[in-house]
Amino acid sequence: MSGAGGQAAGGAAGEAVRRRTFAVISHPDAGKSTLTEALALHARAITSAGAVHGKAGRRGVSSDWMEMERARGISVTSAVLQFAYRDHVLNLLDTPGHADFSEDTYRVLAAVDCAVMLIDAAKGLEEQTRKLFDVCRHRGVPVITFVNKWDRPGREALELLDEIESEFGLQPAPVTWPVGEAGRLRGLVDVREPGRMLRYTRAPGGARAAVEEAVAAGRAAVEEGADWERAAEELELLRADGAEHERSAFLAGRSTPVFFGAAVSNIGVRLLLDALVDLAPAPGARELAGGGQRPVDAPFSGLVFKVQANMDRSHRDRIAFVRVCSGVFERGMTVTHAASGRPFATKYAHSVFGQDRSSVDVAYPGDVVGLVNAAALRVGDTLYAGQPAVFPPMPTFAPEHFAVARPADIARSKQFRRGIAQLDEEGVVQVLVSDRRGEQAPVLAAVGPMQFEVVAHRMAHEFSSPVRLEPLDYHLARATDAAGADKLDRTRLVKGESFVRLRDKAHLALFPNRWQADSFAREFPGTRLETLIAAHE
């Protein structure tokens with residue numbers, strides 16, 4: 001495995017100390033994929049950084065492999081990049097940028113020990129940023145904040161810190177501070193070394209690491225004048241206010257270390273990379289569904305947090321991404337699939353760097369292993385060796401958009417059924433069925449409408465079965481049971497319809513709006529009608 005360095009004397013616990021597994025998360029267009037590439041560049045895992053919205057002739061980012069992503073300049077799937085830095089192994093889980101794919105992002109957060117939250121210097125805390133902060137807090141994931149795009153006009157640094165504190169109750173603890181206002185960045189000050197300024201010279205096109213020069217405080221005061229004076233005053237104000245990094249508060253989710261920079265110019269990225277080694281937590285014991293914890297030195301256990309098909313179009317394969325939670329994973333080992341209780345062989349195991357892959361022989365807590373053609377595995381499954389372990393289930397979010405799917409060519413019905421089943425297993429959409437409509441016309445349920453675009457694109461290009469999608473006038477889903485489903489289908493006073501979710505056989509009741517759901521509850525008091533976890537609140 002890239003950077004794994006073979007079996008260490010300390011075994012799983014010793015190797016876990018060297019791991020940092022983190023996600024890059026933010027609002028769309030804040031620069032996640034660009035930062036992902038810049039981090040890999042500074043770690044020398046790649047030789048030239050791409051850009052999501054690259055210039056002609058400049059390659060796309062390593063983590064955006066899907067044709068649709070490259071065409072539209074957005075990330076709609078998660079990617080796993082692993083690389084070595086300072087004798088550590090970094091597992092970077094890039095996540096979808098668009099809000100319609102929040103569910104995939106939330107699943108990734110179950111597989112990481114830390115998150116890097118990007119904030120746009122001009123826009124501050126946007127809607128998706130707020131939601132992700134809340135999810136990190138709920139999951140107990142500590143957050144490092146990177147204020148991006150400081151090379152463009154934006155808001156004042158102190159104002160952004162105030163917003164973080166007032167919106168989330170988090171104490172921002174700046175580790176780097178900008179010299180010069182947004183759009184006129186002169187350099188950065190590492191608050192741990194306040195006697196100097198780091199000045200940057202951007203490489204042409206930003207494709208290589210910016211040249212970093214340390215400038216002594218006296219020289220910086222002369223050359224930068226008012227900008228240096230203002231930065232020094234702001235740092236003094238922050239120190240007086242007690243805004244200093246405190247590890248215990250960070251790990252407890254009470255504070256967030258803050259860094260400034262510009263990912264597209266590779267400015268401030270090295271300092272962030274160092275912070276991931278120095279500040280981010282190593283893998284630790286994981287909570288179990290039935291209570292208790294699985295320590296890192298226990299026998300192997302892993303969590304399936306993502307399933308993705310057709311990453312390699314020439315092989316038409318299917319990869320289950322497994323976060324190693326404890327013990328040592330060795331290729332070829334036989335483990336137990338907790339959901340079925342059956343043995344599971346791990347003959348084909350890969351490490352994945354964007355679209356590239358290589359066989360992995362051994363992996364440790366924090367690493368991500370891609371198990372190829374693992375048809376039995378679903379998102380949220382647990383694998384283990386030795387003493388049984390089951391990790392908490394993944395949340396399923398409340399869909400708000402629904403459409404009937406039909407094959408555009410009835411002769412392609414077999415490919416249609418196979419494609420819909422595959423996308424359901426990956427969690428691209430939720431697939432609902434009912435006796436009334438039959439399995440030949442499944443209803444697709446999505447958090448956001450762009451999920452339907454992905455379905456249409458992949459059905460046509462990967463499964464050779466173009467689909468027709470017919471929107472339904474439902475926007476609210478509630479969990480019910482067989483009795484509640486029967487009542488909903490029989491009533492004539494309320495507009496609604498019952499379905500069974502194919503993935504877990506759960507009964508769902510769909511309504512056009514909250515008023516219809518409330519009317520049904522009044523007509524049939526005591527009927528189970530529960531709110532699902534909402535992606536949009």
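Residues whose amide H comes within less than 5 Å of that of Ser255, counting only those at least five positions distant or on another chain, are Gln171, Phe250 (H built at 1.01 Å from N in the peptide plane).
Could you size up the charge dipole of region 171-235 around its Cα centre, putting +1 on the beta carbon of Lys and Arg and -1 on that of Asp and Glu, and report it in debye to the nearest 20? So the magnitude is around 280 debye.
Sequentially through region 208-215, phi angles give Karplus couplings (6.51, -1.76, 1.60; θ = phi - 60°) of 10, 4, 5, 6, 10, 10, 8, 10 Hz, Gly and Pro residues having no value and appearing as x.
Against the chain, whose longest principal axis is taken from its Cα atoms, helix 226-240 shows a tilt of about 70°. Note on Asp87/Arg254: beta-carbon distance plugged into 1/(1 + (r/R0)^6) with R0 of 22 Å gives a FRET efficiency of 0.15. In the complete set of protein chains, residue-level accessible area for Arg286 is approximately 40 Å², probe 1.4 angstrom.
Axis angle, to the nearest 10 degrees, between helix 413-426 and the longest C-alpha principal axis of the chain: 50 degrees. From the alpha carbon centroid of region 441-455 to that of region 326-391 is 29 Å. Once the Cα-Cα distance is subtracted from the 0.36 nm per residue extended length, the Glu470 to Arg44 segment shows a gain of 148.6 nm. Where (i) 63, 26, 23; (ii) 42, 27, 23; (iii) 131, 26, 16 are the candidate values, the label of the one calculated here for semi-axes √(5λ) of the Cα gyration tensor in Å is (ii). Within the chain, how many lysine pairs that are 8 or more places apart, or on different chains, have C-alpha atoms less than 29 Å apart? Lysine pair count for the chain: 19. The HN-Hα couplings worked out from phi for region 438-454 by the Karplus form 6.51 cos²θ - 1.76 cosθ + 1.60 (θ = phi - 60°) are x, 6, 6, 10, x, 9, 8, 10, 9, 6, x, x, 5, 4, 5, 5, 5 Hz, whole numbers, x standing for Gly and Pro.
A 1.4 Å probe run over the chain, with the rest of the protein chains in place, finds 40 Å² accessible per residue. Counted by Cβ distance under 15 Å from Val112, the other residues give a net charge of +4, where Lys and Arg count +1 and Asp and Glu count -1.
Cβ-Cβ distance of Ala408 and Arg137, R₀ of 41 Å, FRET efficiency by 1/(1 + (r/R0)^6): the value works out to about 0.40.
Here Met394 sits with roughly 30 square angstrom of accessible surface, probe radius 1.4 Å.
The Cβ shell under 15 Å around Gly11 holds other residues with a net charge of -2, Lys and Arg each +1, Asp and Glu each -1. Amide H to amide H, which residues 5 or more places from Ile119 or on other chains are under 5 Å from it, using H placed in the peptide plane? Excluding prolines and chain starts, which carry no amide H, the hits are Phe146, Val147, Asn148. A simple packing score, the average count of other Cβ atoms within 10 Å per residue, orders the peptides 150-158, 467-475 as 150-158, 467-475, with the highest score first.
The values are calculated or read from the model by the stated rules, or taken from the named source; none is laboratory data. Quantities reported herein were computed from a predicted structural model and do not represent experimental measurements. Virtual Cβ from ideal backbone geometry, glycine too; neighbours counted across all protein chains shown. When the accessible area is computed, the model is the full protein with side chains, heavy atoms only, and any ligands, DNA or RNA have been set aside. Shrake-Rupley method; radii C 1.70, N 1.55, O 1.52, S 1.80 Å.
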